[in-house]
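Have a look at the structure below before the remarks.
The values are calculated or read from the model by the stated rules, or taken from the named source; none is laboratory data. These figures come from a predicted structure and were not determined experimentally. As a convention, Cβ positions derive from the backbone with ideal geometry for all residues, glycine included, and neighbour counts pool all protein chains shown.
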Amino acid sequence: MRHRKRNAKLGRKGDHRNAMLANLVCSLIVHRRVTTTLAKAKAARPVAEKMLTLGKRGTLHHRRLAASRLHQEDAVRILFNELAPLHKDRPGGYTRIIRMGQRPGDAAAMAILEWVDEGYTPSAPKSEKPAAKAAKAAPTVSAAADSQEAVQDAPVPAGAADAADSETTGDVSAAPAAEAESSKNPG
């Protein structure tokens with residue numbers, strides 16, 4: 001029975017598959033972004049995230065474990081010295097897969113596997129959220145009042161004042177006169 005054996009075989013034997021995934025993860029570490037098939041990206045993602053977790057721990061033992069899996073010392077050095085400090089506060093989810101469409105030759109689904117680079121900031125405790133919502137609601141009312149006062153205090157050009165007065169007072173005779181003057185002067 002094959003129960004609970006969820007790794008993708010990718011049309012390769014075990015040693016070939018492990019070497020291919022190690023090379024793919026090394027390319028991801030060195031280049032920060034890899035374009036590959038969707039199936040390979042999904043298979044490489046757990047390997048890359050486990051390697052970054054080893055890098056975050058940072059001991060000699062974890063460095064040797066990463067080197068035994070990746071087989072490239074320069075990739076291990078980049079992993080431990082550059083990538084791990086970037087993700088030290090992130091509790092997982094170090095990579096993202098972006099789907100690209102199909103490859104023209106064989107219509108294989110393509111994807112980009114890349115590191116999540118933006119700095120992670122831990123979320124605030126849950127108890128502060130209702131207080132923050134109440135604090136946010138109060139400034140919006142005063143901001144709306146400030147913007148209405150600013151509109152009322154703003155200077156109005158001379159021609160616009162006549163048109164505005166005719167609209168507010170309902171005087172229909174002033175509006176056609178203003179339109180007739182503007183039609184005389186085309187410039």
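Just wondering, is there one or more residues in the stretch 21-44 that are of a type in the set (A, V, I, L, M), out of contact with any helix residue (DSSP H, G or I) (no Cβ under 9 Å at 6 or more places or on another chain) and modelled with pLDDT under 95?
no
List the helices (runs of 4 or more DSSP H) inside the stretch 33-93, counting only whole elements, that have at least 3 residues being in contact (Cβ under 8 Å) with a residue 40 or more places away in the chain and out of contact with any Leu (no Cβ under 7 Å at 6 or more places or on another chain). Talk me through it step by step, then tell me what you get.
Details: elements: 38-57, 60-70, 73-78.
In the stretch 33-93, 38-57, 73-78 are the helices (runs of 4 or more DSSP H) which contain 3 or more residues that are in contact (Cβ under 8 Å) with a residue 40 or more places away in the chain and out of contact with any Leu (no Cβ under 7 Å at 6 or more places or on another chain).
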